[in-house]
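Here the structure is laid out as structure tokens; the discussion comes afterwards.
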Amino acid sequence: MLENNKKKIVIAGGGHAGVEAALAIARTKQKCVLVTMDSGAIGRLSCNPAIGGLGKSHLVKEVDALGGIMGAAADQSSLQMKTLNKTKGRAVWALRAQVDKKKYPAFVSKIIKKEKYISILEGEVLSFNTKNEKIVSVNLKEGSTLSCSSLIITSGTFLNGLIHIGERSFSAGRMGEAPSRGLSESLLNHDIKLGRLKTGTPPRLVRDSINWSVAVEAPGDEIPSCFSLYTSRPYKIKQESCFLVNTNQNTHNIINNNIESSPMFSGKISGVGPRYCPSIEDKVFRFSERSSHPLFLEPEWKNSHQIYLNGFSTSLSEKVQLKALRQIEAFKSVEFVRPGYAIEYDYCPPYQLSPSLMSKKISGLFCAGQINGTSGYEEAAAQGVVAGINASLYIQKKDLVSFDRQNSYIGVLIDDLTTSPIEEPYRMFTSRAENRLYLRADNVYERLYNSALGADVLLSSQLRIQKKFHKALSDIYNKIKKTRVGNTPLEKFLKRPEVKILDHIGPNKGSLIDAEALFSAETSIKYSGYIKNEKERLLKTRRLELVRIPKEFDYKKIPGLSNESKELLITVLPETVGQASRIAGIRPTDIALIGIYLNNKFHVKP
Amino acid sequence: MYVFNDDIVALATLPGKSALNVIRVSGKNVIKIYRAITLSSKKPRANFAHVSCIYNQSDKKQIDYSLLTYFKAPKSYTGEDVLEISTHGGNIIVKQVIESLISKGARQALPGEFTYRAYINGKIDLLQAEGIAAIVEANNNIDSYYHLNTINGTLTKEVQKNKDSLMSLMTVAEHELDFLDSEIEKKELQEYNKSLNKLYLHTKKIIKKSLSSEQQSGNLQVAIIGRPNAGKSSLFNLLTGHQKSIITNIKGTTRDPVESNIDIGNHEVKIIDTAGLRTTKDVVEIKGIEKTFAHIEEAQIIIIIDEKNASQTYLANKNKFKQKSVILVNNKNDINNHKQKNGVFSISCKKKNGFNSLLTHLSTLCNQKVDRVYKESSFSINVRQKSLLQKICRGINKANKGLETTGDLTICLSSLYGVLDLYNELIRPDAKNKIINEIFKGFCVGK
Ligand SMILES: Cc1cc2nc3c(=O)[nH]c(=O)nc-3n(C[C@H](O)[C@H](O)[C@H](O)COP(=O)(O)OP(=O)(O)OC[C@H]3O[C@@H](n4cnc5c(N)ncnc54)[C@H](O)[C@@H]3O)c2cc1C
Ligand SMILES: Nc1nc2c(ncn2[C@@H]2O[C@H](COP(=O)(O)OP(=O)(O)OP(=O)(O)O)[C@@H](O)[C@H]2O)c(=O)[nH]1
Ligand SMILES: [Mg+2]
């Protein structure tokens, strides 16, 4: 029994990162304990009732390819499916699900509770203990100690969480949930640095207080798509609508006149907030030339009486929020279920992690999700999978794995996190990837197949479906090879922008997987020339990626390296020259110097 | 390869006779070295000229009374501590001062090492570094003028301006892909096409306005051509003032071209005597004539000389003289009856008749040519820079075509990132994430 416990993994937090980590571990047939403060809140959506969207849907797909649950859960709880960016290139098409905030966590909980390798423990991890810089146990709030050899912290916004609404502020992990206090101290005691970030959420409106007749309807796609390859086709849901209204100059005036009631503007919040998801006061202040901003009205669950007001994230006082909104025709007599608020929390600057998401200082300690300075369910889930896979490998004493940024957004995400200082909560954008044309949603099951097999994280049912998809793809490619249009091989012909594959090869009757494979093949072929160019361009970085920097490498000894660069490199301790080259502030000449020194001292040729 | 942790020393002025010489030291131990050679315990003041004796380190004898200026890092040429020592002229003083510096741990710098350190320490960008390397090698004053333009950053500025507009275009495009249409203001595809086209033309213009290194192989070239025995070699010797070229009354005397540099007007000009043009079966002479045509192609000014009828030679080879300045000269007016008319000079190499008027014309022409180059080109670029700029043009064109045929911004951007890489190769690269940062700076984004 004791022997067994030694090999155990503890996960602190049952949010999106924690859930995916637990599942990844269970799929590799290792045991874990999911400790979470409220077992009824497993997989809860803290903020917006949506999964996916621009940049993020790629992550959901990648999690799905690695056997994760997010895509399937979104498919099962979706109220509306919409493909965004449809007028732009296929590489940036993005699926967004408006989800039922009650159904989503219920689905996730059900699956988690069924897993025999996962045990759920309601409680709070207060601190952890180490021996020879290795995790040996965790202490729980109620006083007991759990021995384990690995700990994954996925504490979200809970570490020393502090909510702000106007001038009022109070401790909380999310609205209505207690914060987590001990873990920060334990991390600091182990010489791990912490920082502070903030994020905000908009008010929830009483549905019946809204004048819907003046809001503009924003419907979903006519034919809805789904995220997960494992969701059965045809995918059918009843599409519900969202609605759109606009702020006006009066709204802006009221916000401007009361801007000092926002703790962010009065300097009360020390954490840095995201620029891409600014609060309404931020938008009004910084873009004073705009007379109006769009606001989306989104249902939080089926027939919910509360409406999520997307676009109005704020920490203004409740009174001002109400007054500003009531300037809008549709909101003349609007009432709140709950006002908008901002939350400040501790995060753990992720340059302290290696690309496996394991701490560089403490073996067996992993961090995933919002604690690493990211924001968003999808970013959290993606890290959860990686931390789960590696914690499992760690306790089995196997080599840890990392994900290549040229092969996946997961790789981009973790590489960015571990090499660049976080200046604001990090979220995924497709522009962060160097080879966007290759990192598409439609080829995700090809891109990550080997990783999934290598980590052994697929359920047999999932593997079967992936294989079926690959079979469909290879059949299509075979057909393409054999087909000619006039004298031109179809493969070449397809590169013309106006040519469609369906006009030449039909899907097998009734097979919907086939139709998706056809789309993927068509896209791959149309983009192939450009992808080849991208690959060639990235070859140079590719080469640097393969040059490992030995652990004993002493940056202080490199002649000519500036002190600032030395300091940066010593803090981050990159594992490859490629990583070193991406550290913000490191110049190409620094890389040249490292190269020369590596070559001279270690006979490693970059 | 260069090493960086030591102190380097070199004579910064040209060796030889001059009133003053400047010796430069750069590194981490400059203050220590300063104290040792001046036998003083005080630290030198930054950016201050100090008058002091410099002493020989072995016998403590005085070497020279010099002016020592200390530049504190990073505000120096190399970005390290730098000491500039102005000594009195003469090789012996220089030699002794450098010896005493070396005895204190400095080492003789390798060629270009000061500049390399300046580049490593971020004092100059690659374009400027290359400009400095070029000025050191420049062999005439036109070249150094252009290199100066490169060094003080005019070229960098121009290229940077283009790179900036590319970046801002890419930022707008990325912004469009990263955010929903309802959140942002969209740009029409034609606007992208227009901007890219403008960028293409700008870059083309930079290339056009630049004097590339193959063009600047230095001096203006003047080729003397004509039929055998016309007196080409005689004119050549007359112009150069030496009897360098062989003169005989045998047709086809000159086979290999003969060259000489002379000062004409304000510039150094290369004069070339060539093999006479005629149809011949002599293999050696044929080779010589081939070379003549090659020289015609390279030269900017052609003097066609003949005993009576230079215009005829001109007309016979007219297509070879496109974009060249041609001077027609009839020779031997001591024995042949011709006068200067219709712009055709009439001279005698033997008697020097009409020579001055030809010389005046030639020097005016040379001055004009050089001035034109001054006016038309703004900087000099080397082969590497030129080929990168050309690649940039091609890249922009490709991106533009991609956008036109597919209407797919991601495809266009993918090519533009390639172009951005080329810019980064050309000048100091930007930190990663710049585009993302720009997105946040310039736009109202977010849900
Ligand atoms: C107010 C607010 C606004 C937000 N706004 C946005 C937004 O606009 N856009 C966006 O993309 N994302 C937003 N988010 C973020 C999004 O909700 C998170 O990024 C995502 O949920 C993070 O997932 P996670 O797994 O890291 O943590 P969470 O989903 O937060 O889960 C953390 C879990 O850990 C548990 N826990 C914490 N500490 C302990 C402990 N010591 N022991 C045991 N259990 C513990 C908690 O009980 C909780 O279940 C917002 C979140 C909040 C709270
Ligand atoms: N009378 C007279 N004879 C001249 C004059 N200039 C050149 N000659 C003679 O013309 C002959 C040929 O002169 P070169 O200068 O060798 O002629 P070239 O054009 O170089 O001839 P090739 O090299 O054989 O093509 C020599 O005998 C010269 O002395 C001149 O102005 N007057
Ligand atoms: Mg001759």
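The values are calculated or read from the model by the stated rules, or taken from the named source; none is laboratory data. Just so it is clear, the structure is predicted and the values come from calculations on it, not from any experiment. Cβ placement follows ideal geometry from the backbone for every residue including glycine, while neighbour counts extend to all protein chains displayed. Keep in mind that these areas ignore ligands, DNA and RNA; they rest on the heavy atoms of the full protein, side chains included. Shrake-Rupley method; radii C 1.70, N 1.55, O 1.52, S 1.80 Å.
Some observations on this one:
- Only listed residue being in a loop (DSSP other than H, G, I, E, B) and closer than 30 Å to A:LYS557 by Cα, chosen from B:ALA46, B:ALA36: B:ALA46
- A Cβ distance below 8 Å, combined with a sequence gap of six or more or placement on separate chains, defines the contacts here; from region B:292-307, residues that are under 18 Å from B:GLY252 (Cα atoms) reach residues that are of a type in the set (S, T, N, Q) and assigned to a helix (DSSP H, G or I) in the pairs B:ILE304/B:THR313; B:ASP306/B:GLN312; B:ASP306/B:THR313.
- Residues located in region A:563-583, provided they are facing chain B (nearest Cβ under 10 Å) and open to solvent by less than 30 Å² (accessible area, probe 1.4 Å): A:ARG582, A:ILE583
- The residue list A:GLY388, A:GLY454 contains one member that is touching a residue at least 40 places away in the same chain (Cβ under 8 Å) and more than 27 Å from A:SER524 (Cβ to Cβ), which is A:GLY388.
Listed here are the residues, each with its yes/no results for (1) surrounded by fewer than 23 Cβ atoms within 10 Å (Cβ to Cβ); (2) away from every other protein chain (no Cβ under 14 Å).
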site	(1), (2)
A:PRO349	yes, yes
A:LEU365	no, yes
A:GLY369	no, yes
A:GLU379	no, yes
A:ALA387	no, yes
A:ASP399	yes, yes
A:SER402	yes, yes
A:SER420	yes, no
A:MET428	no, no
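- Which numbered condition B:GLN243 fails, given (1) farther than 20 Å from B:ASN219 by Cα; (2) near ligand 2 (Cβ under 8 Å from one of its atoms): (2)
- Condition check for B:ASP334: acidic (Asp, Glu), in the same structural domain as B:GLY231 (by TED's automatic domain parsing) and more than 16 Å from ligand 3 (Cβ to nearest atom): yes
- For region A:154-198, a residue qualifies if it is farther than 22 Å from A:ILE42 by Cα and polar (S, T, N, Q), and the qualifying residues are A:SER169, A:SER186, A:ASN189.
- Residues being modelled with pLDDT of 85 or more, open to solvent by less than 10 Å² (accessible area, probe 1.4 Å) and not in a loop (DSSP other than H, G, I, E, B) - total across region B:95-122: 3
Listed here are the residues, each with its yes/no results for (1) surrounded by fewer than 14 Cβ atoms within 10 Å (Cβ to Cβ); (2) assigned to a loop (DSSP other than H, G, I, E, B); (3) of a type in the set (D, E, K, R); (4) without any contact (Cβ under 8 Å) to a residue 24 or more places away in the chain.
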position: B:THR313; (1), (2), (3), (4): no, no, no, no
position: B:VAL326; (1), (2), (3), (4): no, no, no, no
position: B:VAL329; (1), (2), (3), (4): no, no, no, no
position: B:ILE335; (1), (2), (3), (4): yes, yes, no, yes
position: B:HIS338; (1), (2), (3), (4): no, yes, no, no
position: B:LYS351; (1), (2), (3), (4): yes, yes, yes, yes
position: B:ASN356; (1), (2), (3), (4): yes, no, no, yes
position: B:THR360; (1), (2), (3), (4): yes, no, no, yes
position: B:SER363; (1), (2), (3), (4): no, no, no, no
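- Some residue of region B:202-224 being within 11 Å of ligand 2 (Cβ to nearest atom) and modelled with pLDDT of 85 or more: yes
- Tally, over region A:74-111, of residues that are open to solvent by 40 Å² or more (accessible area, probe 1.4 Å), among the polar types (S, T, N, Q) and away from every other protein chain (no Cβ under 12 Å): 1
- Under the condition of being over 22 Å from A:SER180 (Cβ atoms) and either more than 13 Å from the chain's Cα centre (by Cα) or among the hydrophobic types (A, V, I, L, M, F, W, C) (or both), the residues counted in region A:24-76 number 25.
- Pairs, first at pLDDT 95 or above in region A:30-44, second part of a strand (DSSP E or B) and more than 10 Å from ligand 1 (Cβ to nearest atom), C-beta under 6 Å, six or more apart: A:CYS32/A:ILE9; A:CYS32/A:ILE118; A:VAL33/A:SER119; A:LEU34/A:ILE118; A:LEU34/A:ILE120
- Screening A:SER186, A:SER127 for residues that are assigned to a strand (DSSP E or B), surrounded by 15 or more Cβ atoms within 10 Å (Cβ to Cβ) and near ligand 1 (Cβ under 10 Å from one of its atoms) leaves exactly one candidate, A:SER127.
- Restricting A:GLU222, A:GLU167, A:GLU217 to residues that are surrounded by fewer than 19 Cβ atoms within 10 Å (Cβ to Cβ), within 14 Å of another protein chain (Cβ to nearest Cβ) and away from ligand 2 (no atom under 16 Å from the Cβ) narrows the list to A:GLU217.
- Taken as a whole, the condition of being within 24 Å of A:ILE414 (Cβ to Cβ) and either within 16 Å of ligand 3 (Cβ to nearest atom) or part of a helix (DSSP H, G or I) (or both) does not apply to A:VAL10.
- Here B:SER66, B:SER58 are screened, and the one residue that is open to solvent by 80 Å² or more (accessible area, probe 1.4 Å) and among the small types (Gly, Ala, Ser) is B:SER58.
- Annotation note: of B:ILE271, B:ILE286, B:ILE303, the sole residue that is assigned by TED's automatic domain parsing to the domain that holds B:PHE345 and within 12 Å of ligand 2 (Cβ to nearest atom) is B:ILE303.
- Members of region B:261-277 that are in contact with an Asp or Glu (Cβ under 8 Å, 6 or more places away or on another chain) and within 15 Å of ligand 3 (Cβ to nearest atom): B:ILE271, B:ILE272, B:ASP273, B:ALA275
- Within region B:33-55, the set of residues being surrounded by 13 or more Cβ atoms within 10 Å (Cβ to Cβ) and either closer than 18 Å to B:GLU99 by Cβ or polar (S, T, N, Q) (or both) comprises B:ILE33, B:TYR34, B:ARG35, B:ALA36, B:ILE37, B:THR38, B:LEU39, B:SER40, B:SER52, B:CYS53, B:ILE54, B:TYR55.
- Residue match in region A:220-229 (condition: free of Cβ contacts under 8 Å to residues at least 24 places away in the same chain and closer than 30 Å to A:ALA517 by Cα): yes
- For the residues A:LYS540, A:LYS526, the requirement of being modelled with pLDDT under 85, within 14 Å of chain B (Cβ to nearest Cβ) and either part of a helix (DSSP H, G or I) or on the phi > 0 side of the Ramachandran plot (or both) singles out A:LYS540.
- For region A:457-474, filtered to residues that are in contact (Cβ under 8 Å) with a residue 40 or more places away in the chain and not aliphatic (A, V, I, L, M), the residue that is most open to solvent (accessible area, probe 1.4 Å) is A:LYS468.
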